[in-house]
Amino acid sequence: MQNVRSLHIARAPRPWHTRAARECAFPVEAGAAGLSSCCNPSGSATYCPAHRREMRGPRGKNAEAYTEAVLGWLEMRERWS
C-alpha cells in the first residue's frame, strides 16, 4: 500500500491510532506495526490540504478529456504502488 508521493507529503507519519485531533488521517503505509497516517495538520478537515487535492483526482473539461485524464491518473497511481 506504500505510495511514494503520499509519503513525501506526510512529514511525520505515525501509527493511525496515535494521531491527534486536527491531524490528517490519510493512510500512507501499512506494515508490521499497522497502518500509518499522514498526521500533517488538517484543521477541522479529515485530511490535510495536500491529501484532499490528491483524493480529488484530475480535472477534465469534457467527457473525452475527463476520461483521458482519469486513465492517465490511474496509470500514474499504479506506478506509485
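The values are calculated or read from the model by the stated rules, or taken from the named source; none is laboratory data. Everything numeric in this text was worked out from a predicted model, so none of it was measured. Cβ coordinates were reconstructed from backbone atoms using ideal geometry, including for glycine residues, and neighbour counts include every protein chain displayed.
Structure data summary
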{"read-out": "Odd one out for E23, checked against (1) in contact (Cβ under 8 Å) with a residue 40 or more places away in the chain; (2) among the acidic types (D, E); (3) farther than 20 Å from W80 by Cβ", "value": "(1)"}
{"read-out": "Members of region 13-27 that are more than 15 Å from A50 (Cβ to Cβ), in a loop (DSSP other than H, G, I, E, B) and either at pLDDT below 90 or aliphatic (A, V, I, L, M) (or both)", "value": "A20, A21"}
{"read-out": "Total residues in region 28-50, condition polar (S, T, N, Q) and assigned to a loop (DSSP other than H, G, I, E, B)", "value": "4"}
{"read-out": "Criterion: part of a helix (DSSP H, G or I) and either at pLDDT below 85 or surrounded by 11 or more Cβ atoms within 10 Å (Cβ to Cβ) (or both) - qualifying residue of E75, E68", "value": "E68"}
